[in-house]
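Enquirer: Take a look at the following structure, please.
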Amino acid sequence: LEFRLLQWFDDAVGYKVRYVPATLPDLLKTPDVIDYEQRHHPTSSPAEKIEVAAARLAWTRDPSTNMEVCSSIQSLRGFARGEGVWSDLPRSQRIAQLDRMAELTEELYPSLRWFLFDGLRRHAAPVTIFGPIRAVLYLGQMYLALTSVEQVRELTRHFDNHIRDAVVQPPDVPDLVRGLRRETVR
């Protein structure tokens, strides 16, 4: 399943990829965070997810890459504070993850642009839009792939509205993440 996702990325070379992660952007995750998330998911192994995340990061480092990511600022703050699903992730691993996100968002900008929207005003389901050719909704332990031109266009418009409403723009994300790192207490 995860390797099919890599094929979809390869199919989208030359197109803009738009991505709303279920938690944090996979390509920015540390192996410890991936391991923590996958411990209770029987559908894929942590090793497989780590390999796929590394491949996505390598794909993103290609100079021709054009990727936009959108997620709520609240989800990032909740991670930094160790709230919700992150309550059992040790502080040291959250700090390492925040450091990695700050470094990679700085390194990969402008090829990778991470927009943060206000989750109180907008909602976004986990989705990856591979240019005009495919949109893939993440439904937990499975993906729903849509290839209808109209469906892909509609999801693209929905994603673009999140960008328009973003409260944090990509150049500001590294500093925000570093600030959240300093606030991480437990």
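The values are calculated or read from the model by the stated rules, or taken from the named source; none is laboratory data. Not measured: the values here are computed from a predicted model. Here the Cβ positions follow ideal geometry from the backbone for every residue, glycine too, while neighbour counts run over all protein chains shown. Surface areas here come from the heavy atoms of the whole protein model, side chains and all, with no ligands, DNA or RNA. Shrake-Rupley method; radii C 1.70, N 1.55, O 1.52, S 1.80 Å.
Enquirer: Relative contact order of the chain, please, whole-number percent, based on alpha carbon pairs below 8 angstrom and at least 6 residues apart. Don't skip to the answer; put the middle values down first.
Expert: On the way: 284 pairs, mean separation 52.9, N = 186.
Contact order relative to length: 28 percent.
Enquirer: I've got another one for you. Expressed as a whole percentage, what fraction of the accessible surface of the chain belongs to carbon and sulfur atoms when a 1.4 Å probe is rolled over the protein heavy atoms?
Expert: 51 percent
Enquirer: For the chain, give the magnitude of the charge dipole about the Cα centre (Cβ charges: +1 Lys/Arg, -1 Asp/Glu; no others), in debye to the nearest 20. The partial results should precede the final answer.
Expert: Values: 24 positive and 25 negative charges, 80 e Å.
Dipole about the Cα centre, nearest 20: 380 debye.
Enquirer: What FRET efficiency do you get for D11 and E48 if R0 is 30 Å and r is their Cβ-Cβ distance, rounded to the nearest 0.05? Each step should come with its number before you reach the end.
Expert: Values: r = 20 Å, r/R0 = 0.67.
That gives a FRET efficiency of 0.90.
Enquirer: Probe 1.4 Å, all protein chains in place: accessible area of K49 in Å², nearest 10?
Expert: 30 Å²
Enquirer: Points 7 angstrom from Cα along the Cβ direction at Q169 and E103: gap in nanometres?
Expert: 2.7 nm
Enquirer: While we're on this one: Using 0.36 nm times the number of residues separating R153 and L89, minus their current alpha carbon distance, what extension gain do you get?
Expert: Values: separation 64, 0.36 × 64 = 23.04 nm, distance 3.77 nm.
Full extension from R153 to L89 adds 19.3 nm.
Enquirer: Just the accessible area for R91, please: 1.4 Å probe, Å², rounded to the nearest 10?
Expert: Rounded to the nearest 10, that gives 100 Å².
Enquirer: Along each principal axis of its Cα atoms, how long is the chain end to end? Whole angstroms, biggest number first, please.
Expert: Cα spread of the chain along its principal axes, largest to smallest: 47, 36, 32 Å.
Enquirer: So between R178 and S64, what do we pick up on full extension, going 0.36 nm a residue minus the alpha carbon distance? Numbers along the way, then the final one.
Expert: On the way: separation 114, 0.36 × 114 = 41.04 nm, distance 2.76 nm.
Gain on extension, R178 to S64, equals 38.3 nm.
Enquirer: Let me ask something else. Using the heavy atoms of the protein chains alone and a 1.4 angstrom probe, what is the accessible area of the chain per residue in square angstrom? Provide the component values of the computation, followed by the final result.
Expert: Values: 9150 Å² over 186 residues.
Value returned for the chain: 49 Å² of accessible area per residue.
Enquirer: Quick one: check the C-alpha center-to-center distance for the stretch 94-114 versus the stretch 132-184, whole angstrom.
Expert: Cα centres, the stretch 94-114 to the stretch 132-184: 16 Å.
Enquirer: Run the numbers for L137 and D35: contour at 0.36 nm per residue of separation, minus the present Cα-Cα distance, in nm.
Expert: Working: separation 102, 0.36 × 102 = 36.72 nm, distance 2.24 nm.
Stretched fully, the L137-D35 segment lengthens by 34.5 nm.
Enquirer: For a quick check of understanding: with a 1.4 angstrom probe and all protein chains in place, what accessible area in square angstrom does S45 have, to the nearest ten?
Expert: 50 Å²
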